[in-house]
Amino acid sequence: MHPAIKILVGALMVVLGIFSLTLPDFFQAFVNLVKGGIGPILILVGAFIIWLESDEWKMRRSEQKEERNMGVQQQLQEEVKERKQASKEDETEEAEDDKHACPQCGKEFDTERGMKIHQAQKHD
Ligand SMILES: [Zn+2]
């Protein structure tokens, strides 16, 4: 809309407002308007506030739920990490245990028994 038209509409509203003030039954009409309008306005505003706040409340509750879920997920992830590290350590330990190096020549054997046999055969 053109600014000039807006100004014209505004001026018209001001003129109409001033004109309505000069009417003899204006005050009574104004009181009636307030009386008639206050109920619906209260209902609208009240409903709006309830809707707004309940929406915010719901959002906050779901956020808290998400946070709680996040917490659980983080705990799970940390647990998985710890388990992975533990299993890695186990693997390395097992790997070390699996290999039996001959103390004389350093040749590695899968079992201590094999290494002992090797020692007996090659070094004694
Ligand atoms: Zn050896």
For Lys107, the residues 5 or more places away or on another chain with a placed amide H closer than 5 Å to its own amide H are Cys102
Acute angle (nearest 10 degrees) that the helix 26-98 long axis makes with the longest principal axis of the chain, alpha-carbon atoms: 10 degrees
Using the number of other C-beta atoms within 10 angstrom as an exposure proxy, rank His123, His100 with the fewest first. His123, His100
Kindly count the pairs of lysines across the chain whose alpha carbons are less than 18 Å apart, treating pairs on different chains or eight or more residues apart as eligible. 5
Calculated from DSSP H runs of 4 or more alone, at -39500 (n - 2.57) each and per residue, what is the 222 nm mean residue ellipticity of the chain, nearest 500? -29500 deg cm²/dmol
Find how much the distance from Ser20 to Glu67 grows on full extension, using 0.36 nm per residue of separation minus their present alpha carbon separation; answer in nm with one decimal. 11.1 nm
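We did not get these values from a lab; they are worked out from the coordinates using the rules stated. As the structure is a computational prediction, the values presented were derived from the model and not from experiment. All Cβ positions, glycine included, derive from the backbone under ideal geometry; neighbour counts span all protein chains shown.
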